[in-house]
1. So if we plug the beta-carbon distance of residue 86 and residue 10 into 1/(1 + (r/R0)^6) with R0 = 41 Å, what FRET efficiency do we get, rounded to 0.05?
2. Per 10 Å bin, what percent of the C-alpha pairs of segment 66-123 does each bin hold, from zero upward?
3. To the nearest 0.05, how large is the calculated FRET efficiency for residue 114 and residue 56 if R₀ is 25 Å and r is the Cβ-Cβ distance?
4. For segment 27-122, evaluate the Debye formula with one uniform point scatterer on each Cα (no solvent term) and list log10 I(q)/I(0) at q = 0.11 Å⁻¹, rounded to two decimals.
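Laboratory data are not the source of any read-out in this text; all were calculated from the coordinates shown. Just so we're clear, the structure is a prediction, and the values are computed from it rather than from any experiment. Positions of Cβ are backbone-derived with ideal geometry, glycine not excepted, and every protein chain shown enters the neighbour counts.
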């Protein structure tokens with residue numbers, strides 16, 4: 001490797017690290033449902049917000065009254081929990097968004113159907 005290509009490699013690595021740092025520095029934290037928390041009729045809460053990959057969603061609720069389940073699109077649309085889905089029950093769940101579509105429901109009987117669900121597209 002010549003001296004010129006070594007310098008180019010170092011510059012490329014530094015640019016990559018800067019881009020990764022910039023992404024992490026801009027990650028935001030959102031409380032789902034704002035002051036009302038994760039409860040009925042939160043399906044419209046994401047409207048008008050811009051989400052990015054690595055943003056954190058905080059789901060606040062009373063344990064035993066709700067839960068949070070990560071689901072696929074079919075699980076979201078049909079209010080069904082797919083086999084192997086991750087279920088959160090702490091009442092203060094913090095979940096990082098993946099790039100693309102992210103779907104969450106409460107799988108307590110009737111809750112998802114009553115709007116305790118959100119769909120978020122993270123850029």
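1. Step by step, r from the Cβ atoms, then E = 0.55.
2. 26, 57, 17, 0
3. Plugging the Cβ-Cβ distance into 1/(1 + (r/R0)^6) gives 0.50.
4. Summing over Cα pairs of segment 27-122 leads to -0.26.
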